[in-house]
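Rule-based calculations on the coordinates, nothing more; no lab input. All values reported here derive from a predicted model rather than from experimental measurement. Here the Cβ positions follow ideal geometry from the backbone for every residue, glycine too, while neighbour counts run over all protein chains shown.
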Amino acid sequence: MSRFHSPLLWIVIGIVLATISGCARSPSSRFYLLDALSDSASPEGNFSDNRCVSIGIGPVEIPDYLDQKQIVTRVTPNEIKLAEYDRWAESLKDNLTRVLAKNLSRLLCIKEISFFPWRREIPKDYRIEVKVIRFDGSLGDSVVLEAWWTLLSGDGKTLLQSKRSNFSEPANGRDYKSLVSAQDRNLASLSREIAEAILVLSK
């Protein structure tokens, strides 16, 4: 048998190819979630029972360009980039809605929170609708949240307040963890603005 067809030779070739394949393997993906305000923001014990409210949240809308598994960053005013290995651990819209609710529950005395679409008609004091216009930024630069939010009566028939808000936070680092942390702070600012409006109306 020719030495070029030796079983040992093929074993060696297989090991070399496996090593090369392992070295060329893509880096592992990293997954992120937005985070809510800390417990220290909770107003527990600072509100009388008659100032506690029931709220409904939704619909919350985000633009199609953000509705991606990959995290979106802004390259130029007209160009965006989808991260190759840095991804959202769940739907960004669902994550944003849940964190907004959690923030409001820590900024207000909340009796109950319902989410759109309403599965059953629970009496509400207020409804909050949010339409995100922009929620992105650049690594190592600023991160922006621009959104229209509307505050309605609990039955949805009366417009109480409507506002276009714009928040910007620095990404204190050139990595995606820093960018997501800046997005947390922007969402916290939006939550505080909505909470303040509810506090004024519920006095």
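For the range 93-177, the set of GluC sites (Glu not before Pro) satisfying both a DSSP loop assignment and a count of at most 13 other C-beta atoms within 10 Å is given as GLU121. Take the Cβ atoms of ASP175 and TYR65, set R0 to 30 Å, and the FRET efficiency comes out at 0.90. Packing around the peptides 168-176, 53-61, taken as the average count of other Cβ atoms within 10 Å per residue, puts them in this order, highest first: 53-61, 168-176. Compared with the alpha-carbon gap, the fully stretched path from ILE15 to ARG119 is longer by 31.6 nm at 0.36 nm per residue.
Pairs with C-alpha atoms separated by more than 30 Å, drawn from the list LYS111/LYS177; LYS111/LYS157; LYS69/LYS131; LYS102/LYS177, are LYS111/LYS177. Modelled spin labels at LEU159 and ARG30, positioned 7 Å past Cα toward Cβ, are 4.3 nm from each other.
Calculate the spin-label point distance for SER189 paired with ASN78, positioning each point 7 Å from the Cα along the beta-carbon direction, and give it in nanometres. Taking the two extended label points, one gets 2.7 nm.
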